[in-house]
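Beneath this line is the structure, given in structure tokens, with notes to follow.
The values are calculated or read from the model by the stated rules, or taken from the named source; none is laboratory data. Since the model is a prediction, treat every value here as computed from it, not as a measurement. FYI the Cβ positions are ideal-geometry reconstructions off the backbone, even for glycines, and counts take in every protein chain you see. Each accessible area value is taken on the protein alone, full model and side chains, heavy atoms only, with ligands, DNA and RNA left out. Shrake-Rupley method; radii C 1.70, N 1.55, O 1.52, S 1.80 Å.
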Amino acid sequence: MVELERIGKVFNKGTVDETDLFVDFSLTVRDGEFVSVVGSNGSGKTTMLNLIAGNVSPDRGRILLNGKDVTAQKEFVRARKIGRVFQDPSKGSSPHMTVAENMALAENKGKPFNLTYALNKKRVEYYREMLRPMGLGIENKMGVKVGSLSGGQRQVLTLLMATMTPIDVLLLDEHTAALDPKTSEQIMQLTGDIVREKRLTTIMVTHNLRYAVEYGDRLLMMDKGKAVIDKSGEEKARLKVEDLLKTFNEISVECGN
Amino acid sequence: MSLFINTTLGGLELGLCYAILAIGLYISYTMLDFADLGVDGIFPLGGVVGTIVMYRLGVHPVLAIFVAAVVGALSGGLTGFLHVKCKISGLLCGIIVMTGMLSVTLALTMLLSDTGFTGVIFNYRALGIEGLFNGEWIDSLSNRNKMLVIIGILFVVVLVVKVLVDLFLKTKAGFMIRATGDNEQMVVSLGKDPGSYKIMGLMIADALTGVAGCLYAQMMNQYDNNCGSGKVVIALVAVIMGVSLFGNIRCMKGTTMVILGAIVYSLALNYFTLIDTNGTFLKLFNAVFFALVLIIGNKRKDFHKIGWKAFKKPKKESVKNG
């Protein structure tokens with residue numbers, strides 16, 4: 001469960017660019033809930049993920065992960081219970097290390113990184129079998145440096161790596177935005193499968209309204225640090241892209257763009 | 001001819017000693033992307049501390065190497081601390097530590113002189129110290145055989161260091177150090193502080209710097225307080241040259257590449273002294289050689305494809321596809 005309690009966040013405080021992004025913003029994501037978040041640029045979607053992950057800290061309010069207050073925890077401490085996939089495929093893996101080496105690191109998350117061997121043949125085979133159903137041919141590239149994989153392959157790898165160990169919440173930050181339409185579709189399906197199979201609590205930020213409608217069991221539309229649409233269950237199931245687009249346009253007109 | 005052979009053997013000796021330095025820089029420079037200029041100060045520190053424990057405490061030369069490693073590691077830790085905790089840029093941290101160490105090593109030489117004054121050069125024979133490379137058994141050999149024995153011992157030391165570093169880089173901690181230089185965000189995602197892995201990597205790298213300094217003093221049979229000057233350049237050239245000369249060979253480990261780089265480089269340096277007998281232009285040779293290695297390193301990929309044309313016209317940066 002993820003709870004944001006009465007969050008306040010001001011950017012560029014004390015300058016002419018001062019922006020009150022969040023004023024008294026609250027959100028509760030239940031266990032196993034898959035929330036898609038849409039909204040225009042600057043609406044606070046990504047900041048919301050950053051607040052949960054801990055690379056942005058709130059001015060006011062509390063953040064709770066599974067009931068535990070993590071507001072003061074450093075990003076890397078919090079990360080032990082959080083899986084995160086970024087828009088940029090290069091952010092989630094180490095380019096000069098091989099596929100197998102990257103996966104070995106991901107699998108060890110939460111355990112000590114000590115002086116025992118990180119990798120053996122048996123593990124490599126295990127990772128290979130994990131990658132095979134992805135159908136992107138990564139299973140034949142276990143010894144290849146991740147930097148030479150395609151963006152799509154890297155993103156699949158990152159997604160698998162982020163969900164390899166037990167986590168409290170999965171944060172997806174426009175994770176298909178940098179990919180071509182076909183790969184993007186593929187990775188979105190894969191995301192749906194993994195989230196369902198592992199019953200992960202998930203918050204996905206996306207600019208693709210169709211993905212937001214098709215995937216997840218709750219939909220948030222953010223504007224100026226507020227949720228202007230928050231639908232779940234039956235209501236969400238009935239939501240169409242056109243409805244979203246309409247609200248989206250109304251918001252944009254208000255902002256003057 | 002015999003001059004040539006002696007020069008070659010001398011180059012091998014130095015090359016093997018610098019190889020340890022190069023393995024250290026391979027960790028800090030290649031893996032952590034940290035140009036650690038502190039090497040120039042930590043190299044003589046390893047030398048002076050090793051000499052002191054041998055002279056004052058009568059410690060065995062091998063044990064002295066371990067002491068030098070510990071002192072080096074602590075200094076590397078200091079560089080890392082300044083960088084990670086005080087948020088000073090890496091290059092400046094190295095310069096700060098290097099500058100400070102110049103006085104520290106000088107002050108420490110007071111422990112080597114019986115008058116309590118500082119000094120610059122302390123001969124092992126005059127101090128009555130027996131390093132790894134002197135003593136009755138080795139003095140009885142001919143000059144040529146003596147060099148061969150020294151090369152043999154150095155080779156074993158380098159091999160031990162290389163194997164240990166290779167093994168370390170295969171462990172979970174070693175993986176994390178590699179990932180830290182590559183992608184800090186990933187280390188954060190794995191729930192670890194990248195800063196602590198930077199400090200750890202610098203400690204290991206500078207432990208090796210200390211070892212190299214201590215070995216160098218024992219090999220030269222004297223401690224020279226100026227022995228650190230220019231060592232970081234030597235090690236950087238060795239690393240960059242090794243990686244760009246042998247980088248294409250599959251299955252060759254990075255550590256092997258930089259060892260070979262160090263050997264090739266010191267051979268080149270030694271052959272140069274055959275021409276420039278009083279050493280006036282040695283540093284200039286160093287600088288020009290470094291520049292050439294960097295230029296060729298940059299052009300290497302094109303060179304393999306189109307040969308010397310690679311040096312004629314600058315190739316446009318290819319546009320990356322999103």
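Could you sort the residues of segment B:176-193 by number and keep only those whose accessible area is reduced by 30 Å² or more in the all-protein-chain setting relative to the chain alone, 1.4 Å probe?
B:Arg178, B:Asp182, B:Asn183, B:Gln185, B:Met186, B:Val188, B:Ser189, B:Leu190, B:Gly191, B:Lys192, B:Asp193
What number, in percent, do you get for the relative contact order of chain B if the mean sequence gap of Cα pairs under 8 Å and at least 6 apart is divided by its residue count? Before the final figure, lay out the partial values.
Values: 486 pairs, mean separation 109.1, N = 322.
Here the relative contact order equals 34 percent.
Give me the three principal axis extents of segment B:203-280 from the C-alpha atoms, as integers in angstrom, largest value leading.
The Cα atoms of segment B:203-280 stretch 40, 36, 18 Å along the principal axes, largest first.
For chain B, take the longest principal axis of its alpha carbons; what is the angle in degrees between that and the long axis of helix B:90-108, to the nearest 10 within 0 to 90?
0 degrees
If one computes the Cα centroid of segment B:45-120 and of segment B:153-218, what distance in Å separates the two points?
19 Å
In the neighborhood of A:Arg218, defined by Cβ-to-Cβ distances under 11 Å, what is the net charge if each Lys or Arg adds +1 and each Asp or Glu adds -1? Please report the intermediate quantities before stating the final value.
Working: positive: A:Arg30, A:Lys231, A:Lys236; negative: A:Glu33, A:Asp217, A:Asp230, A:Glu235.
My count for the surroundings of A:Arg218 gives -1.
Expressed as an acute angle from 0 to 90° and rounded to the nearest 10, what is the orientation of the C-alpha long axis of helix B:194-220 relative to the principal long axis of chain B?
Tilt relative to chain B: about 40 degrees.
Can you tell me the relative contact order of chain A? Whole percent, Cα pairs under 8 Å, sequence separation 6 or more. Before the final figure, lay out each step's value.
Values: 442 pairs, mean separation 69.3, N = 257.
Result for chain A is 27 percent.
Run down the aspartates and glutamates and flag those whose C-alpha is under 13 Å from the C-alpha of A:Lys68, throwing out any fewer than 8 positions away in its chain.
A:Glu3, A:Glu5, A:Asp168
Could you work out the pair-distance distribution P(r) of segment A:157-231 from its alpha-carbon pairs, with 10 angstrom bin width and percents rounded to whole numbers?
Whole-percent P(r) values from 0 Å outward: 16, 53, 28, 3.
Holding the Cα-Cα limit at 32 Å, pick out from A:Lys121/B:Lys198; A:Lys109/A:Lys141; A:Lys74/A:Lys122; A:Lys74/B:Lys231; A:Lys246/B:Lys192 the pairs that are longer than that.
On the way: A:Lys121/B:Lys198 29 Å; A:Lys109/A:Lys141 22 Å; A:Lys74/A:Lys122 35 Å; A:Lys74/B:Lys231 39 Å; A:Lys246/B:Lys192 44 Å.
Table pairs above 32 Å Cα-Cα are A:Lys74/A:Lys122; A:Lys74/B:Lys231; A:Lys246/B:Lys192.
Report in % the part of the accessible area of the protein assembly as shown that belongs to carbon and sulfur, leaving out ligands and nucleic acids; probe 1.4 Å.
On the way: 16260 of 27410 Å².
With neighbouring chains kept in place, the figure for the protein assembly as shown is 59 percent.
Would you compute, for the Cα atoms of segment B:1-55, the largest minus smallest coordinate along each principal axis and list the three values in descending order, in whole Å?
In descending order, the Cα extents are 43, 35, 13 Å.
Could you tell me which of B:Gly181, B:Gly100, B:Cys17 has its Cα farthest along the dipole of chain B towards the positive end, charges placed at Cβ (Lys, Arg +1; Asp, Glu -1), taken about the Cα centre?
Final value for the positive-end residue is B:Gly181.
Nearest 5 percent is fine: what portion of the DSSP beta bridges confined to the protein assembly as shown is antiparallel? Mind dumping the intermediate values first?
Working: 25 of 42 bridges.
The antiparallel proportion sits near 60 percent.
Viscosity 0.890 mPa s, temperature 25 °C: what is the translational diffusion coefficient of the protein assembly as shown from Stokes-Einstein with a Kirkwood Rh over Cα pairs, rounded to a whole number of µm²/s?
Numbers: Rh = 27.1 Å.
Estimated diffusion coefficient is 90 µm²/s.
Please report the Cα spread of chain A along all three principal axes, rounded to whole Å, starting with the longest.
Each principal axis gives a Cα extent; for chain A these are 57, 39, 36 Å.
Is chain B rounded, prolate or oblate when judged by the Cα gyration tensor, a ≥ b ≥ c being the square roots of its eigenvalues, rounded requiring a/c under 1.5 and prolate requiring a/b larger than b/c?
On the way: a/c = 1.82, a/b = 1.26, b/c = 1.45.
Oblate, because a/c is 1.5 or more while a/b does not exceed b/c.
What's the center-to-center distance, using Cα atoms, between segment A:1-77 and segment A:186-238 in Å?
18 Å
I'd like the orientation of helix B:61-84 relative to chain B: the angle between its Cα long axis and the longest Cα principal axis, in ° from 0 to 90, rounded to 10.
40 degrees
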